[in-house]
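Structure record follows, encoded as structure tokens.
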Amino acid sequence: MQEQSQTSQNPKDPGIPSALSAEWRADYHPAADAYDEVYSGPGTFRPHWDTFIKQFDTLGEQELNRRWEQARRLIHENGVTYNVYGNPQGMNRTWDLDALPLLISAEEWKHLERGLVQRATLINEILADLYGEQKLLHKGLLPPELIFAHPGFLRACHRLPVHNRQHLTLYSVDIGRGADGRFLAIADRTQSPAGAGYVLENRIVFSRIFPDVFKACHIQRLALFFRRMRQTLTSLAPHNRDNPRIVLLTPGPFNETYFEHAYLARYLNYTLVEGGDLTVRDGCLYWKTLGGLHRVDVLLRRLDDDFCDPLELRPDSSLGVAGLVEAVRAGNLAVANPLGTGLLETPALNAFLPSLARHLLNDDLILPTVSTFWCGKPEWLSHVVANIQKMVIKPTYPGTAIEPVYCGHLSADERSALVNAIKANPTAYVAQEQVALSTVPVWHAGKLQPRQAALRTYLVAADKTFDLMPGGLTQILREGETLMFSLQHSSGSKDTWVQASGPISDFSMLQPAGQNLAISRGGSDLPSRVADNLFWLGRYVERAESMVRLLRTILVRLSDKSVSLDVHELPILMFAFKHQRLRAEHFNPEKKRAVQADELGDVLKETFSPGGLYETLGLLQSVARTVRDRLSNDAWRVILSLDESVWPKGRNERIHEQIARLNFMLTTLASFGGLASESMTRGQVWRFVDMGRRLERAINLARFVCSTMVKSDVAEGSLLEAVLEVADSLMTYRRRYLASLQLAPIIDLLLIDQTNPRSMAFQLEALGEHVKNLPGDSRTPFFTQQEKIVFGATASLRLIDLDAVCKPAAETGIRRDLEALLVKLETDMGKLSDLITRDYLSHAQSSRQLATFSREGAF
């Protein structure tokens, strides 16, 4: 990963320049041969920047730094991330937002809007033809080998029904400004344009921290664009247009823009789904929930074309829905963008657009394209070879192994080898003339520096035309990569401010204050996948807390210098910690031995082993991100704060430092439990989180007690105290029994006492209430399998013979009855978990009838 130019990567960098105008004049030096978005000449700002500069200057250095620190805190707390594969910062890199926006004047934007709307109209006509009559191919305006060899041309989607001939619902164009100040179109995003959610997040952050500056600069708002998007998607519904069910299909949390998917779904009030949440039955698409199946009318997809249906498109895809194409073909589902639109995501298209515009629109392109040459045409191939040093070579088809090459950076021998490769397979290559894109100021390393930038614009279909978002995603490009526009190749972003020439609408996507809302206590429509993640979120929280409590008890005893290393309970506690993730077994060492100081290292290594504390905390945070939209801001802050407490690998800490870290971690985990208990409404979200916590606590308690108390010992008083400490029941015991430590009352407190929130009986009672309220057929008078298991485990506890379970066998010293009880309880809880997963959390799809379809006229 190349250098990060944004301030969010360096917490000590103030992130915004002090004394703006003076600093810029003194230190900011854009290249003489490039167009700069801020400067029109040495020391001279472009006119539309004047108001912005004056507003910033009035704020002063201290206020600017305070506000930008608030912005970075908002980005962090909102969990705004972009996953860059292979990035050393991990799969959840904080979103990079630069401290200064990009301003575009109203006059310039009007011209750009005309060009972009014309381009969108042209692309839509091309798609309609290629998936319809294919006249462009018959007339030779597009070479057949460019289309039919393209992996994005989906034969199964030929002549699929499309509402109102609108093949392009959402559309994005990457544009850049050349050295002459003109905007150029460089790349088209036609299948599932990414980034609109990040544009919205950038705007919300800036408008919140600089509302006075934003208002003074007369900047257009984004809400009208997203309202149009909702209206357009609603109009696509083949049925139920008054109140269609619209869902947003995401590849899942490991996708690089997953945050944006979740964020956009919340803003548009759509349900975020994955392929496993959906099923096709009788030619219709359904959403699987705890409360049953719900018909889907419109699918807003963020999944690539061929991954959407493993039945007809890509057999190895596990992300889509089998039968999805058939549901569209039957006229029961609308997909935005329609399947197959990825066909036009090829740089080769730019080479043909000028002639296609004259043929289809009877007009010249308003927005010119960067000079592009498809090497499959002999005359263009000759031009590319003759001017190879000026070219950027790209693959014709996305997803191939060919990497973009900047020929100006190659040696003579390397260029010769590249030319030979192109001549050997010319149709696989596209050449574009490298252009020097405009520069923007970026705050980096304590000063403003010029960086090349590109703008991703967004359009949505609207009444046989297109509406343009008044803004976009300004991407700061890596040095030397002027024609590589993707979030993966960006080193940061800017909010894009478009000035208005007239009144600004005050429309907001938020509900108007005076409008009456329908009273609702919904929640039964929770998707099974979300319920699964919530269930495991509860389990991971409880599992981590159990490990932390046990580890802290061990370290506290090792830190007490007044105690000899020959501490009776330490070997047993260490055994329990090492075997916490395995099936419980009693501690039965061949002989007593003193605890050696170096054994501490062995215990700490267990925190990094598979299933250990480090992995558990990582899983906790990972699953929490998938249900971010179901958690309160406070609960999310608790999850984020665990980053600060994760046990540092390769770092040696003293015992008291380790204990302090564990105390913080325990407080944080307890905070989440408190928020889940006191802040979540008693719906299915809370139920599955709490059910996971209760089930995990019951399993851990059974294992821990079995590992520590099945083997009797004449000197087990200190062990009994440690057991109570780990189970967070020491103070309760002392209040009842003072200092007298005996096994029977401890077993009663930890297993049988229904008033103790840490006891087995308390967990079983809570689980019984949960399984009774799970969705099901309320007409049947019989207990469910889940209820039978809970009732059976509860009966085992209530029928316990306390004296018998506490009495060890004379010859072995093993409490066999206690061991049998604990093993049964742990086994029952495992069965309960399996049943809940099978009946409510399984993503398996039922078999379905497969219809035939016609390929007549496809080729």
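The values are calculated or read from the model by the stated rules, or taken from the named source; none is laboratory data. Computed from a prediction, not measured in an experiment: that's the story for all the values here. Please note: Cβ atoms are built from the backbone with ideal geometry, for glycine as well, and neighbour counts cover all protein chains shown. Accessible surface is based on the protein model in full, side chains and every heavy atom, while ligands, DNA and RNA are left aside. Shrake-Rupley method; radii C 1.70, N 1.55, O 1.52, S 1.80 Å.
Could you tell me whether residue 715 is among the aliphatic types (A, V, I, L, M), at pLDDT below 95, surrounded by fewer than 19 Cβ atoms within 10 Å (Cβ to Cβ) and outside any helix (DSSP H, G or I)?
Details: among the aliphatic types (A, V, I, L, M): yes; at pLDDT below 95: yes; surrounded by fewer than 19 Cβ atoms within 10 Å (Cβ to Cβ): yes; outside any helix (DSSP H, G or I): yes.
For residue 715, the condition - among the aliphatic types (A, V, I, L, M), at pLDDT below 95, surrounded by fewer than 19 Cβ atoms within 10 Å (Cβ to Cβ) and outside any helix (DSSP H, G or I) - is met.
Consider the stretch 92-105. How many of its residues are modelled with pLDDT under 70 and either touching a Pro at 6+ places or on another chain (Cβ under 9 Å) or among the polar types (S, T, N, Q) (or both)?
Applying the first criterion (modelled with pLDDT under 70) to the stretch 92-105 yields 92-95.
Applying the additional criterion that residues be either touching a Pro at 6+ places or on another chain (Cβ under 9 Å) or among the polar types (S, T, N, Q) (or both) yields 92, 94.
Total meeting the criteria: 2.
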* Asked: All but one of (1) touching a residue at least 24 places away in the same chain (Cβ under 8 Å); (2) open to solvent by 30 Å² or more (accessible area, probe 1.4 Å); (3) touching an Asp or Glu at 6+ places or on another chain (Cβ under 9 Å) hold for residue 314; which doesn't?
  -> (1)
* Asked: Does the stretch 604-627 hold any residues that are open to solvent by 30 Å² or more (accessible area, probe 1.4 Å) and assigned to a helix (DSSP H, G or I), and which are they?
  -> 605, 606, 608, 614, 615, 618, 619, 622, 625
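When the residues of the stretch 822-837 are narrowed to those that are surrounded by fewer than 18 Cβ atoms within 10 Å (Cβ to Cβ) and not acidic (Asp, Glu), which ends up nearest to residue 703 (Cα to Cα)? Full working, then the answer.
Here is the first cut: in the stretch 822-837, the ones surrounded by fewer than 18 Cβ atoms within 10 Å (Cβ to Cβ) are 823-824, 827, 830-831, 834-835, 837.
Add one more test, that the residue is not acidic (Asp, Glu), and what stays is 823-824, 827, 830-831, 835, 837.
Working: 823: 8, 824: 11, 827: 11, 830: 12, 831: 15, 835: 21, 837: 22 Å.
It comes out as 823.
I'd like to check something: does the stretch 320-331 contain any residue that is among the β-branched types (Val, Ile, Thr) and over 37 Å from the mean Cα position of the chain (by Cα)? Before you say what the answer is, go through the steps one by one.
So in the stretch 320-331, the residues among the β-branched types (Val, Ile, Thr) come out as 321, 325, 328.
Cutting the leftovers down to over 37 Å from the mean Cα position of the chain (by Cα) gives us none.
Within the stretch 320-331, not a single residue is among the β-branched types (Val, Ile, Thr) and over 37 Å from the mean Cα position of the chain (by Cα).
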* To do: State whether one or more residues within the stretch 681-688 are touching a helix residue (DSSP H, G or I) at 6+ places or on another chain (Cβ under 6 Å) and more than 27 Å from residue 797 (Cα to Cα).
  => yes
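How many residues does the stretch 683-699 hold that are open to solvent by 10 Å² or more (accessible area, probe 1.4 Å), farther than 12 Å from residue 774 by Cβ, part of a helix (DSSP H, G or I) and in contact (Cβ under 8 Å) with a residue 12 or more places away in the chain?
Step one: list which residues in the stretch 683-699 are open to solvent by 10 Å² or more (accessible area, probe 1.4 Å), which gives 683-687, 690, 693-694, 697, 699.
Cutting the leftovers down to farther than 12 Å from residue 774 by Cβ gives us 683, 685-686, 690, 693-694, 697, 699.
Going one step further and asking which of them are part of a helix (DSSP H, G or I), we end up with 685-686, 690, 693-694, 697, 699.
Among the residues that remain, those that are also in contact (Cβ under 8 Å) with a residue 12 or more places away in the chain are: 685, 690, 693-694, 697, 699.
Qualifying residue count, the stretch 683-699: 6.
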* To do: May I ask you to list the residues in the stretch 233-265 that are open to solvent by 50 Å² or more (accessible area, probe 1.4 Å) and either among the charged types (D, E, K, R) or within 17 Å of the chain's Cα centre (by Cα) (or both)?
  => 241, 242, 245, 254
* Could you grab me the full set of residues in the stretch 169-217 that are outside any strand (DSSP E or B), under 21 Å from residue 47 (Cβ atoms) and open to solvent by less than 10 Å² (accessible area, probe 1.4 Å)? => 178, 210, 213, 217
* Structure fact -> Cβ pairs under 8 Å, 6+ apart or interchain, first in the stretch 618-632 and within 15 Å of residue 680 (Cα to Cα), second in a helix (DSSP H, G or I) and of a type in the set (Lys, Arg), ordered by first then second residue, are 629/266
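Looking at the stretch 156-209, which of its residues are among the basic types (Lys, Arg) and over 29 Å from residue 130 (Cβ atoms)? First the steps, then the outcome.
Applying the first criterion (among the basic types (Lys, Arg)) to the stretch 156-209 yields 159, 165, 177, 182, 189, 203, 208.
Of everything in the stretch 156-209, those that are among the basic types (Lys, Arg) and over 29 Å from residue 130 (Cβ atoms) turn out to be 177, 182, 203, 208.
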* To do: Tell me, please, whether a residue that is charged (D, E, K, R), surrounded by fewer than 15 Cβ atoms within 10 Å (Cβ to Cβ) and assigned to a helix (DSSP H, G or I) can be found in the stretch 728-735.
  => yes
* **Residue, nearest to residue 347 (Cα to Cα), within the stretch 387-411, restricted to residues that are open to solvent by less than 70 Å² (accessible area, probe 1.4 Å) and among the small types (Gly, Ala, Ser)** => 408
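Per-residue answers, yes or no, for (1) outside any loop (DSSP other than H, G, I, E, B); (2) at pLDDT 90 or above; (3) open to solvent by 30 Å² or more (accessible area, probe 1.4 Å):
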| site | (1), (2), (3) |
| --- | --- |
| 450 | yes, no, yes |
| 455 | yes, yes, no |
| 467 | yes, yes, yes |
| 481 | no, no, yes |
| 494 | yes, yes, no |
| 498 | yes, yes, no |
| 509 | no, no, yes |
* Just a yes or no: is a residue in the stretch 350-361 modelled with pLDDT under 95 and in a loop (DSSP other than H, G, I, E, B)? -> no
* Filter pass, residue 351 being on the phi < 0 side of the Ramachandran plot and surrounded by 21 or more Cβ atoms within 10 Å (Cβ to Cβ) -> yes
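Look at the stretch 325-339 and say how many of its residues are free of Cβ contacts under 8 Å to residues at least 60 places away in the same chain and small (Gly, Ala, Ser).
Applying the first criterion (free of Cβ contacts under 8 Å to residues at least 60 places away in the same chain) to the stretch 325-339 yields 327, 335.
Retained after the next criterion (residues that are small (Gly, Ala, Ser)): 327.
Number of matching residues: 1.
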* To do: Within the stretch 41-73, track down each residue that is outside any helix (DSSP H, G or I) and either polar (S, T, N, Q) or under 15 Å from residue 208 (Cα atoms) (or both).
  => 44
* **Neighbours by Cβ (under 6 Å, 6+ apart or cross-chain): first from the stretch 651-674, in a helix (DSSP H, G or I); second basic (Lys, Arg)** => 662/552
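What do you reckon, is residue 432 surrounded by fewer than 22 Cβ atoms within 10 Å (Cβ to Cβ) and closer than 30 Å to residue 30 by Cβ?
Values: surrounded by fewer than 22 Cβ atoms within 10 Å (Cβ to Cβ): no; closer than 30 Å to residue 30 by Cβ: yes.
No: the conditions fail for residue 432.
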* Say we look at the stretch 317-333 and pick out the residues that are open to solvent by 40 Å² or more (accessible area, probe 1.4 Å) and small (Gly, Ala, Ser); which of these is modelled with the highest pLDDT? -> 330
* To do: Report, by residue number, each residue of the stretch 287-298 that is more than 10 Å from residue 527 (Cβ to Cβ) and surrounded by 19 or more Cβ atoms within 10 Å (Cβ to Cβ).
  => 296, 297, 298
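Yes or no, residue by residue, for (1) at pLDDT 85 or above; (2) more than 30 Å from residue 362 (Cα to Cα); (3) part of a helix (DSSP H, G or I):
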| site | (1), (2), (3) |
| --- | --- |
| 76 | no, yes, yes |
| 86 | no, yes, no |
| 90 | no, yes, no |
| 107 | yes, no, yes |
| 116 | yes, no, yes |
* To do: Return the pairs, sorted by first residue and then second, in which the second residue is of a type outside the set (Phe, Trp, Tyr) and in a strand (DSSP E or B), the first residue lies in the stretch 266-286 and is surrounded by 23 or more Cβ atoms within 10 Å (Cβ to Cβ) and modelled with pLDDT of 95 or more, the beta carbons are less than 9 Å apart, and the residues are 6+ apart or on different chains.
  => 285/247; 285/278; 285/279; 285/295; 285/299
